[in-house]
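Data block below; observations after.
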Amino acid sequence: MKKVKYSMLGLLGLSMIFIGCNDPGKSSNGALASSAAEKVYIAPGQRDSYYAFLSGGYSGNLTVYGLPSGRMFKEIPVFSQFPTSGYGYSEETKPMLNTSFGFVPWDDLHHPDISQTNGELDGRWIFVNGNNTPRIARVSLSTFETEEIIEIPNSAGNHSSSFITENTEYVVAGTRFSVPVPQRDMPINEYKGNFKGALSFISVAPDNGRLNLEFQILMPGFNYDLSRPGRAKSHGWFFFSTYNTEEANSLLEVMASQNDKDFIAAVNWMKIEEYVKNGGGTKMPANYAHNVYDEETHTGTSTMKKEVITVDPTDVPGAFYLLPTPKSPHGCDVDPSGQYIIGSGKLSADITVHSFDKMMAAIEGKKFDGEAYGIPILKFEEVMAGTVKSGGLGPLHTEFDDKGNAYTTFFISSEVVKWNVGTWEVLDRKPTYYSVGHLMIPGGNSRKPFSKYLVAMNKITKDRYLPTGPEMEHSAQIYDISGDKMELLYDFPTHGEPHYAAGCPAELLEPRSKKIYRLDENKHKYVTSSPDQARVERNGNEVHVYMSTIRSHFTPDNIEGIKVGDKVYFHITNHEQDFDVPHGFSIIGQNTSEILVMPGQTKTSVWEPKQVGVWPFYCTDFCSALHQEMQGYVRVSPANANVELSWSLGE
Ligand code: K7E
Ligand code: CUA
C-alpha cells in the first residue's frame, strides 16, 4: 500500500514538472510559421476538407467542426436540453429524454463513433454514449439530428461505449461501475464477488438504424473503461479494458492500484450471438426507455421495455478470455489491420501491445494463468506482442494512420508520441498544451484512416487563450501528420469537455446533407398544411393552435378567448421550402424555451398563461427584412370569462 502511495505521489509530482516545462512554447511551437497558417487557412467562401464530431462531455451534446480550420459549425443536442433549437423543450422532443428515472435532461457524452461498412466509415450515423444515466444515442448524419436514444439497464457509468462493430452490426455499451444486478438494497462493502459489470450489445438495423438491446453479458465486478471492436482478422471479437480488478469499493485511488496488472477482456460476440440465437441466456425483467424520433411525423415517442436477455460468461466456454495488461489500463485500441490490441496503462510509461494471432494461439494451446470467476486468464508473455518504450508518462489513447503508425496521447507528460506498429520504435513526439486526453485522426478507429490531420483534445487550457475568468473552454490542437514528423498547426477552443471525437472526409457527408423537409411529406399529427387551414381548437382547457409561418407572418397572428388556466399548444408549421430559412416562436412567460422550426417541419411549443392581459409572441430567427414584423398577440381573459374563441388569419 505504501509503495503504491509513493508512486502515485511521484506521478503527480512529475506531472507538475512536465506541465511546468511546457512553457507556452513560443520558441518550440512552430504554429506561428506562415506555412502552418496557410495549412489551416480556409478562405472566405471555401469549405473545410474534413468533418470532426467532438463529444461535448458534460455539455451532453455533440459539436461539429471543420478541419483544418477548427471552425465550429453546429452543436447537435443529444442528451441535454438545447434552447437554441428547442430540443428537449418542444413537445415532440421531450420524449427523447425520457428514462426509467423520468425526464433526464442532461448527460455526460464521451465517445462518438461513425457507422462503418466493411470496417470503413460509411457516414450514415454517428453513435454516442451518455455516461451518467446510461444511454446510447444514434444521430443521423443526413439531418444532424438525434434520431434514437436507448437506455441501458443494469449499467452505471456507461463509459466503454459507444463503439461499433465493423459492419455496424452492434453498438456496444459497457458499464464503468459495477453494480448489484438486479439493483437491490445491499451493503456497499459486500461489493466484491456480488456486483456485476454489464456489457451490452445493441443491434443496429441495417436499413433504418433502429436499435435493439439484444443481450447483456454479466461480467465480474470490475470497472470496464474503454473498448474497441476487432476488425478484419479479429472481426467477431470485442476488447474491453478493465481496472479495479481488485474489486475495491473505497479509496480506489490507492486500492484499485494494488494489482500490477488488470485485464483487457476479449469477448467473442459472434459466439455469444449464436448462443443467444439458439435460445441461450436468461430473460430478466428490466425497465428501460427506448425513444425514437420519426423524421416524417417530426415527433419522438418513448416506449418502456420490460425485458433483457442476460448471459453468464461461464455458460459460453470459448467466448471469454482475460489478457493481463499492466498498470490500470485506460485506452483499449485496435489497429487498422485488427492484429494489435493496445492497452494504455495510465500509471505507466510504457504501452503494452497484445497480438491477436498470439492470443488465438494461446487459447488453442491453453496457455492459461489461472482464471477469474471462471474466465480463463491468458499468460501475459503468450499474448504480448511488444512494448513501446515511450519515454512519456500516462498513456491514455491511441489512433492510427494509413502508413502503419500509431499515435498515443500522454496525459501526464502532455504530448503525442508517434510510434511504429510492429517495431514499437518511437518515431516522433510533440508537446500538447496541456494534458491531452483523447486524440482523433479521421477514420483512425477503422480499417481506413485518413492520415492528414490529428486533433488532440486537451484537458487543461491555462494560458492558451485570453482568460475568461476561472472557467475556460477546453483547448484542442490540430497537427499535420502527412510528413515524417508531426507539425502543430493550430489551437482552437471546444465546447463542454471533449473526450473522444470522430472525423471523416467532407465528401462523405456533404452530398447527402438534408436541406429542407418536404412539406408535402409532413405527417405530423398537428400539421397545418396550408395557411387557410390555420385554426384554433378548444378541448376543455386544452387549446390547440394550428399555426403556419412564412416570411414574414404567423397565421393566425391574433388569438382571443384564451383563459388563465388553459394549456395552449402552438403547433407551428414552417411553410418555407428554401434551404436555411427557419422561423422561431416564443411567447412571454413561457416555462420552456423558444422553438426553431426548419422548413417543412412542425414543432409544438406549450404555454400555460398565468396572467390576464394581451400578450405578444414573436419569431426568434431573423428571417427576412420584415422579421421584426413577424409577431402576434394572445388575449388572455380570466378563467371564468366568456370571451369567444376567435383568431385572425391576417388576410
Ligand atoms: Cu479518456 Cu471518457 Cu474516453 Cu475522457 S475518456 S479522456
Ligand atoms: Cu420568421 Cu423571423
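The values are calculated or read from the model by the stated rules, or taken from the named source; none is laboratory data. Model, not experiment: these values are computed from the prediction. All Cβ positions, glycine included, derive from the backbone under ideal geometry; neighbour counts span all protein chains shown. The protein model used for the area step is the full one, side chains on, heavy atoms only, and it has no ligands, DNA or RNA in it. Shrake-Rupley method; radii C 1.70, N 1.55, O 1.52, S 1.80 Å.
Observations on the structure shown:
- Of all residue pairs spaced 6 or more apart or on separate chains, those with beta-carbon atoms under 7 Å, a first member in the stretch 51-69 that is on the phi > 0 side of the Ramachandran plot and buried (at least 24 other Cβ atoms within 10 Å of the Cβ) and a second member that is in a strand (DSSP E or B) and modelled with pLDDT of 95 or more are 60/109.
- Residues of the stretch 628-651 satisfying the condition of being within 16 Å of ligand 2 (Cβ to nearest atom) and either part of a loop (DSSP other than H, G, I, E, B) or assigned by TED's automatic domain parsing to the domain that holds residue 84 (or both): 630, 650
- Any chance residue 517 is in contact with a Pro (Cβ under 8 Å, 6 or more places away or on another chain), under 23 Å from residue 94 (Cα atoms) and of a type in the set (Phe, Trp, Tyr): yes
- Condition check for residue 386: more than 31 Å from the chain's Cα centre (by Cα) and open to solvent by less than 40 Å² (accessible area, probe 1.4 Å): yes
- Single condition residue 621 does not satisfy, out of (1) under 26 Å from residue 520 (Cα atoms); (2) outside any loop (DSSP other than H, G, I, E, B): (2)
- Candidate set from the stretch 399-437 (those that are within 16 Å of ligand 1 (Cβ to nearest atom) and either open to solvent by 10 Å² or more (accessible area, probe 1.4 Å) or at pLDDT below 95 (or both)); member that is farthest from residue 349 (Cα to Cα): 415
- Index of the failed condition, residue 577 passing every other in (1) at pLDDT 95 or above; (2) over 38 Å from the mean Cα position of the chain (by Cα): (2)
- Options 177, 222: the member that is of a type in the set (Phe, Trp, Tyr) and either within 16 Å of ligand 1 (Cβ to nearest atom) or under 21 Å from residue 446 (Cβ atoms) (or both): 177
- Strands (runs of 3 or more DSSP E) enclosed by the stretch 227-328 - at least 3 residues per element that are surrounded by fewer than 16 Cβ atoms within 10 Å (Cβ to Cβ): 282-294, 299-311
- Scope the stretch 590-627; condition surrounded by fewer than 19 Cβ atoms within 10 Å (Cβ to Cβ), basic (Lys, Arg) and within 15 Å of ligand 2 (Cβ to nearest atom); matching residues: none
- Taken over the stretch 459-468, the criterion of being without any contact (Cβ under 8 Å) to a residue 40 or more places away in the chain and open to solvent by less than 50 Å² (accessible area, probe 1.4 Å) is satisfied by 461 alone.
- Criterion violated by residue 79 - all others in (1) open to solvent by 10 Å² or more (accessible area, probe 1.4 Å); (2) part of a loop (DSSP other than H, G, I, E, B) satisfied: (1)
- Looking only at residues in the stretch 537-552 that are surrounded by fewer than 19 Cβ atoms within 10 Å (Cβ to Cβ) and part of a strand (DSSP E or B), the one that is nearest to ligand 2 (Cβ to nearest atom) is 544.
- The stretch 207-221 residues that are within 19 Å of residue 300 (Cβ to Cβ), paired with ones that are open to solvent by 10 Å² or more (accessible area, probe 1.4 Å) (beta carbon under 6 Å, 6 or more apart): 209/125; 212/203
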